[in-house]
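Novice: I am attaching a structure below and will ask some questions about it afterwards.
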4 protein chains.
Amino acid sequence: MLEFAAVPMQWVGPILLKDGASQSTEEVSVPLATYESPLWPSTNRGAKVTRLAGGLTATVIQDFMTRSIVLEASTAHSANRICHELQTRLPDLAEVVGQTSNFARLQKLDTQIFGRVIYLRFALDTADASGHNMVTKAADHLLEWCLYQYPDLKHISVSGNYCVDKKVSAVNGILGRGKNVIAECIVPRDVCLSVLKTTPEKIVELHIKKNLMGGIVAGSLRTANAHFANMLLAFYLATGQDAANIVEGSQGMVHAELQGEDLYFSVTLPNIIVGTIGNGKHHNFVRDNLEKLGCMVDNNVGLNSKRLAQCVAATVWCGEISLLAAQTNPGELMRSHFAMERSNSINV
Amino acid sequence: MLEFAAVPMQWVGPILLKDGASQSTEEVSVPLATYESPLWPSTNRGAKVTRLAGGLTATVIQDFMTRSIVLEASTAHSANRICHELQTRLPDLAEVVGQTSNFARLQKLDTQIFGRVIYLRFALDTADASGHNMVTKAADHLLEWCLYQYPDLKHISVSGNYCVDKKVSAVNGILGRGKNVIAECIVPRDVCLSVLKTTPEKIVELHIKKNLMGGIVAGSLRTANAHFANMLLAFYLATGQDAANIVEGSQGMVHAELQGEDLYFSVTLPNIIVGTIGNGKHHNFVRDNLEKLGCMVDNNVGLNSKRLAQCVAATVWCGEISLLAAQTNPGELMRSHFAMERSNSINV
Amino acid sequence: MLEFAAVPMQWVGPILLKDGASQSTEEVSVPLATYESPLWPSTNRGAKVTRLAGGLTATVIQDFMTRSIVLEASTAHSANRICHELQTRLPDLAEVVGQTSNFARLQKLDTQIFGRVIYLRFALDTADASGHNMVTKAADHLLEWCLYQYPDLKHISVSGNYCVDKKVSAVNGILGRGKNVIAECIVPRDVCLSVLKTTPEKIVELHIKKNLMGGIVAGSLRTANAHFANMLLAFYLATGQDAANIVEGSQGMVHAELQGEDLYFSVTLPNIIVGTIGNGKHHNFVRDNLEKLGCMVDNNVGLNSKRLAQCVAATVWCGEISLLAAQTNPGELMRSHFAMERSNSINV
Amino acid sequence: MLEFAAVPMQWVGPILLKDGASQSTEEVSVPLATYESPLWPSTNRGAKVTRLAGGLTATVIQDFMTRSIVLEASTAHSANRICHELQTRLPDLAEVVGQTSNFARLQKLDTQIFGRVIYLRFALDTADASGHNMVTKAADHLLEWCLYQYPDLKHISVSGNYCVDKKVSAVNGILGRGKNVIAECIVPRDVCLSVLKTTPEKIVELHIKKNLMGGIVAGSLRTANAHFANMLLAFYLATGQDAANIVEGSQGMVHAELQGEDLYFSVTLPNIIVGTIGNGKHHNFVRDNLEKLGCMVDNNVGLNSKRLAQCVAATVWCGEISLLAAQTNPGELMRSHFAMERSNSINV
């Protein structure tokens, strides 16, 4: 018998999205599944800010999925020769990739040599799939191809942790993995005061002393935010994503600064990993949610998942600014948190 | 209307747990909620290994929850004087903590000074709660107390990211946060060959070249594993935990080495954050699951959540060894993955 | 025949030091040995700022030297038992340390367990020695003592890289190693304009977008500065220190913010590793330099090296603010750099 | 009056270098300037190993110098547009670079967007100069060019810490900076026993439990070695290099494993920053040393500094294997250290 974990889900918003090029706007509500009920009103408050501020823009900077295979040469000298040659044979590698899928396309190859061990990191366009399986299948074939082409190479594994899947790293932010999206909005001073109950100056100071400086003393890595992981988890669960990818997703950064009297506030999310097809997407409630988000448009290959990633970034923006605002005021965090939780303690 | 995200859940195991002190054993099955169906048979394979190997031992090394407040002094000189004095006033701080909860008890205070900004990191025993709310409430009062006692201090925030909640850091592993648990088992060579279809030598080599070396080239931080995050997410969802804590949970390490002809294999999880009471635990399916796990024993304060953490670590052990074994063999990963997914693509 | 590398050395300053407690001031000039001649005028400019600003205060936050031994138990369960027992036997460990030196005194023990491997990190007061040899000698004896006391332990090594000597880490900043010193000064707006040719606002903005944000995108670790390493190297070479310790020394942070119209500017250096006795200090020019710095006072055990560390931090402050100021202005960096190098290209 | 810090210098070796392609060998002695006298005999022992093992091969994997400028756009959307366009205008950027030097040539551009702040990281071939000044001069012009071409951009600074100069980072290892060199050698078992007084098995075990595992618990970043920084510092000082670059230089990795009964041992140094011309090279003793190293060959542009980098890597190999060997044996480290220091305590 198949059982289910029933994670409470609410729709939040609408968030006002503004297209970066055309400046046209649209309202989008987003589903959040979480055991932490205060997340809903908090994100809702951020959504209100976007509406009053004239809209938030989410820009997709980069988009591909990665997998790194690991091989071993007899010497570093041989490893170096092979790595250089592989960069000249990208068309061959692309052909191998093409044989494994109708969608996957090789975008680039990054290499690392550690002693005589070789890490080959393949970046693939995987259309509207998050791409875990597509890159693994492609990597499997690329691994075989490499072993055949270069008899000096020895098999180690189809995954060498230079990918990097569901683990902390610097490489995912620097070389890219998943969708790199930045959501930004200028919050007028009066909206800050009336909705967020704080000033732009206080948010900027808190951001610097908590997200930037606090992160540095904590020995964080490419991370400067309050709680990106909360919104990512709730959004991923509600849309059938592999939510373990919030690990790399959490490695994102807020940038907040004064713009005149107003507040420039953005969230940079280098590693959003989402898809509109594949694993987890066959559940009815997932399909419904993706539909409502406008991410199931036909003949729109690659754009459905990009839109989904933009919705993720917008949601993170809303939840992040709301929590930071609350943390600028002594006692507010606890008061709102407890009020919410009491009102949501409904047994299920 | 309250909606739910229905995440498919299966029971895996039983895992054979062996008590480190008494060497007595018991069988425990664990619930895993995930959209990634291959996780179930994979973890099941690891559970079979524990049964054939005579049992796995999970040791709790440390257990407390943390929150860091952030304050500012007029100078670093003043900040230093205050931080030193606070260490001599721990009984006063403990009293403040005690007024906020019947359970929370101050265990230690760690401090950092960055310029004139002060980060006070409080570690609290929070009994069977994961403790997010308990530490936040205590921190709120400690913050007020500090501001009252030291007029030179200025309020910045109740959370200064030196905590560190749901974000990557080094401090959580070094100073501790949540439950630090190590699960270990010696896998006889023949069990490795028959169940895992590989040799101890191959697992050790893969661990070194993927988890250790691959992690290093990827610029990882206190992380050396293949996919701890997968098991953590599924277990946390099935037991009503705040699953965003898989971010710090993912920062754990495998240690694998030959012991004679056999394989010593362990997983070190410095930051398991789980509770048996509090947020998320009022759902009926959650209470049922905790009950079946033996984590709802009366008059057992503090031990229920420790047992739960041991179950988490044991589960991670099972899923980790199984995937690593699969990755030692060319092609096995894809074959088993696709077979599983096809058989589980039941619409819901 | 003994040869020498002749590294050009100049005295820079005087820097105006202000005592944090008494507020009394004194002028101190510092020797810098470097092949990079622009460092002298740049640091000199910073020194001028301290004189015009009424003095800089350098506060010693913490002071001890560390070494970690590495051992192995038969199981994590046994490792845990031993680590907990060791914390109750600190007097015994202190006695072992005391037998190895007239000066070394055990301050604390931090432990980590990774699988069944144990890292014991001893922190020792080493008086006026930087303490590399003192801690190694003590660690050697502690290692033997542990092996004798706990037959379950196996020898791995006297140094387990949890120390951490001359390598990048998070642990040195979080748990401490060497002298943690913060140098700070409020720079009046007019001094900023007249001497540094820039505004407080520009320095703060550059600090945020370069040191904090730039460091984060670069995947740095507990680092937020422009060039601490330059001043550390030159000072260490001029005073006979083991200059390879600039590696951990480089992991320090600037904090700059507006204070009214003026600029609060500080440098936090958690890992200054210097001594006034021991290796390298028998060279005549080194003794002369230490004498001139006021760090060879008799009957002053422990204070000579603390004063030396304060001079280091003050020097770093001067060089850092000067470079940051230059980098706020387009083209200034190159112009001043080339002018200096031309005028210093004297063959030797 | 110009003074000098006189750092004791000795020649070590000869090291037996083996060409990776032709397999021909040559003997090279190297100068090491250091206050830490035990470094000489230790490195000498490693050099003896290379001679008995038939030679060490040092392979240059990559070679360029980097500088990152930092600019700001009005929005992330605009930043993204500009960054994408710049990648299509590399010939224009290369022309700007070409106008600033006869040697500098643009190799690639890497970009990061953080909010609306842009980091442009330029990688330049700088011939035989280490290239600090060349890249700064080029960056200065590129900055002006960008500001002129894109009126939406605002000047922040010529250096944005995504370079990364003399600071800890992950980006330098992942994208490259300076010369990436791997030195490797197979050490026959009997040489290990007779010269290093230990077994291949012991060195491998120590490497795993100290360099790899110890580094991970310490929260290190792309670092797995015992003391690369010591050899780098001594070599850099003896050859007129900017020795503050040992900070990034220290972020390198040992790879040691059994090869049959023998020991494969390599050092991977992704960030060696050395030159044979430029700052510091006009000192007579420096020119003499470079001459003796065979790095002052006429009409050999680019190859002199590559050879120098190979010598650096070979020296690091020698010092590293010797210390690791000593640390496998209880008590050996202290005995050899103290014996050496006593015999070298000659006043100067």
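The values are calculated or read from the model by the stated rules, or taken from the named source; none is laboratory data. Because the structure is predicted, anything quoted here is derived from the model rather than measured. Counting neighbours? That spans all protein chains shown, and the Cβs are built from the backbone with ideal geometry, glycine included. In case anyone asks, the SASA skips ligands and DNA or RNA and just uses the protein heavy atoms, side chains included. Shrake-Rupley method; radii C 1.70, N 1.55, O 1.52, S 1.80 Å.
Novice: Which positions within the range D:7-48 get 10 Å² or more of their accessible surface covered by the other protein chains, compared to the chain by itself, with a 1.4 angstrom probe?
Specialist: Checking the loss per residue gives D:VAL7, D:PRO8, D:MET9, D:GLN10, D:TRP11, D:GLY20, D:ALA21, D:TYR35, D:GLU36.
Novice: Shortest first and in nm to one decimal, what separations exist between D:ARG287 and its copies in the other chains, measuring from label points 7 Å along the Cα-to-beta-carbon line?
Specialist: In ascending order, 3.5, 8.0, 8.8 nm.
Novice: For helix A:303-327, report the angle its Cα long axis makes with the longest principal axis of the Cα atoms of chain A; keep it between 0 and 90° and round to the nearest 10°.
Specialist: 50 degrees
Novice: Would you mind pulling out the separation of the Cα centroids of the range C:141-174 and the range D:137-214, in Å?
Specialist: 26 Å
Novice: Tell me the label-point distance for the pair D:SER24, B:ARG287, using the 7 Å Cα-to-Cβ offset, in nm and rounded to one decimal.
Specialist: In this crude spin-label approximation the distance works out to 8.4 nm.
Novice: Leaving ligands, DNA and RNA out of it, report the carbon-plus-sulfur percent of the accessible area of the protein assembly as shown at a 1.4 Å probe. Walk me through the intermediate numbers first.
Specialist: Details: 20640 of 40620 Å².
That share works out to 51 percent.
Novice: Kindly provide log₁₀ I(q)/I(0) values, in the same order as q = 0.06 Å⁻¹, from the Debye equation applied to equal alpha-carbon scatterers of chain B.
Specialist: Reported log10 I(q)/I(0), two decimals: -0.25.
Novice: Within 10 Å, Cβ to Cβ, of B:LYS166, how many net charges do the neighbouring residues add up to if Lys/Arg are +1 and Asp/Glu are -1?
Specialist: Working: positive: B:LYS167; negative: B:ASP165, B:ASP242, B:GLU248.
Within the 10 Å Cβ shell, the charges total -2.
Novice: Averaged across D:225-232, how many Cβ atoms of other chains sit within 10 Å of each residue's Cβ atom?
Specialist: Numbers: counts 3, 6, 5, 4, 11, 5, 1, 3.
Counting other chains' Cβ atoms within 10 Å and averaging over D:225-232 gives 5.
Novice: Using the Cα centre as the reference, give the magnitude of the dipole from point charges on the C-beta atoms of the range B:1-139 (Lys, Arg: +1; Asp, Glu: -1; all else neutral), rounded to the nearest 20 debye.
Specialist: Working: 12 positive and 13 negative charges, 61 e Å.
The calculated dipole for the range B:1-139 is roughly 300 debye.
Novice: Okay, moving on. Total Å² of accessible surface buried at the B-A contact, 1.4 Å probe, nearest 100?
Specialist: Details: alone 15940 and 15940 Å², together 23900 Å².
That pair of chains buries around 8000 Å² in total.
Novice: Same structure, new question: If you take each beta carbon of peptide B:238-244 and count the beta carbons of other chains within 10 angstrom, what is the mean?
Specialist: Values: counts 3, 1, 3, 1, 6, 13, 16.
For peptide B:238-244, the averaged partner shielding equals 6.
Novice: State, to one decimal in nm, how far the label point of C:HIS155 lies from the label point of D:PHE4, with both points 7 Å from Cα in the Cβ direction.
Specialist: Between C:HIS155 and D:PHE4, the label points sit 4.4 nm apart.
Novice: Right, another one. Rank A:SER74, A:ALA5, A:PRO41 by how far each Cα sits towards the positive end of the charge dipole of the range A:1-90 (+1 on Lys, Arg Cβ; -1 on Asp, Glu Cβ) and give me just the farthest.
Specialist: The one lying farthest along the dipole's positive direction is A:PRO41.
Novice: Given label points at 7 Å from Cα along Cα→Cβ, what nm distances, shortest first, separate C:GLU261 from the same residue in every other copy?
Specialist: 2.3, 8.2, 8.5
Novice: How many angstrom lie between the C-alpha centres of the range A:78-96 and the range B:40-86?
Specialist: Going from one Cα centre to the other spans 43 Å.
Novice: Another question, then. Using label points projected 7 Å from each Cα along Cα→Cβ, tell me how many nm separate A:ARG89 and D:GLU201, to one decimal.
Specialist: Between A:ARG89 and D:GLU201, the label points sit 3.9 nm apart.
Novice: Taking the Cα centroid of the range A:247-298 and of the range B:242-283, what is the distance between the two, rounded to the nearest whole Å?
Specialist: Value for the Cα centre distance between the two parts: 28 Å.
Novice: While we're looking at this one, here's another question. Leaving out ligands and nucleic acids, and using a 1.4 Å probe, what accessible area per residue does the range C:186-233 come to in Å²? Walk me through the intermediate numbers first.
Specialist: Values: 1010 Å² over 48 residues.
Accessible surface, normalised per residue, equals 21 Å².
Novice: On C-alpha positions alone, give me the angle between the axis of helix C:332-343 and the longest principal axis of chain C, in degrees, nearest 10.
Specialist: That helix lies at roughly 90 degrees to the long axis.
Novice: Given N residues in the range B:116-262, what is its alpha carbon radius of gyration divided by 2.2 N^0.38 Å? Walk me through the numbers on the way to the answer.
Specialist: On the way: Rg = 20.3 Å, N = 147, 2.2 N^0.38 = 14.7 Å.
Normalised Cα radius of gyration, the range B:116-262: 1.39.
Novice: Taking R0 as 25 Å, what FRET efficiency do you get between D:TYR148 and A:LYS108 from their Cβ-Cβ distance, rounded to the nearest 0.05? Before the final figure, lay out the partial values.
Specialist: Working: r = 30 Å, r/R0 = 1.22.
Once the sixth-power term is evaluated, E becomes 0.25.
Novice: For the rotation taking chain A to chain C, which residue of A has the Cβ nearest the axis, and how many Å away is it?
Specialist: Output: A:LEU212, 2.
Novice: While we're on this one: What's the magnitude of the charge dipole for chain D around its Cα centre, counting Lys and Arg as +1 and Asp and Glu as -1 at the beta-carbon? Answer in Debye, nearest 20.
Specialist: Values: 30 positive and 32 negative charges, 84 e Å.
Using Cβ point charges on Lys, Arg, Asp and Glu, chain D gives about 400 debye.
Novice: Note the distances from C:GLY54 to each other copy's matching label point, with points 7 Å along the Cα-to-beta-carbon direction, in nm, sorted shortest first.
Specialist: Taking the point 7 Å beyond Cα along Cα→Cβ, the inter-copy spacings are 4.4, 7.3, 7.4 nm.
Novice: Something else: What size of dipole, in debye to the nearest 20, comes out for the range D:114-264 about its Cα centre when the only charges are +1 on Lys and Arg C-beta atoms and -1 on Asp and Glu C-beta atoms? Please list the in-between numbers first.
Specialist: Values: 14 positive and 15 negative charges, 101 e Å.
The dipole of the range D:114-264 has a size of about 480 debye.
Novice: So, one more: For peptide A:280-286, how many partner chain Cβ atoms fall within 10 Å of a residue's Cβ, on average?
Specialist: Numbers: counts 6, 1, 6, 8, 3, 5, 4.
Mean partner shielding for this stretch: 5.
Novice: What shape does the range B:1-80 take by its C-alpha gyration tensor, where a ≥ b ≥ c are the square roots of the eigenvalues and a/c under 1.5 counts as rounded, a/b above b/c as prolate, and the rest as oblate?
Specialist: On the way: a/c = 3.79, a/b = 1.60, b/c = 2.37.
Taking the square roots of the gyration eigenvalues as a ≥ b ≥ c, the range B:1-80 is oblate.
Novice: Additional query: Which of rounded, prolate or oblate describes the protein assembly as shown when judged by the alpha-carbon gyration tensor and an a/c cut-off of 1.5? It would help to have the intermediate numbers written out before the result.
Specialist: Working: a/c = 1.32, a/b = 1.22, b/c = 1.08.
Cα axes put the protein assembly as shown in the rounded bin.
Novice: If contacts are Cα pairs under 8 angstrom and at least 6 residues apart, what is the relative contact order of the range C:249-328 in percent?
Specialist: Values: 68 pairs, mean separation 20.0, N = 80.
It comes to 25 percent, rounded to a whole number.
Novice: Too long at a 29 Å Cα-Cα cut-off: which of D:LYS210/D:LYS281; C:LYS48/C:LYS292; C:LYS209/D:LYS137; B:LYS210/C:LYS166; A:LYS167/C:LYS137?
Specialist: On the way: D:LYS210/D:LYS281 37 Å; C:LYS48/C:LYS292 19 Å; C:LYS209/D:LYS137 21 Å; B:LYS210/C:LYS166 26 Å; A:LYS167/C:LYS137 39 Å.
Beyond 29 Å: D:LYS210/D:LYS281; A:LYS167/C:LYS137.
Novice: Quick one: helix D:228-238 against the long Cα principal axis of chain D, what's the angle to the nearest 10°, folded into 0 to 90?
Specialist: Long axis of D:228-238 versus the principal axis of chain D: about 80 degrees.
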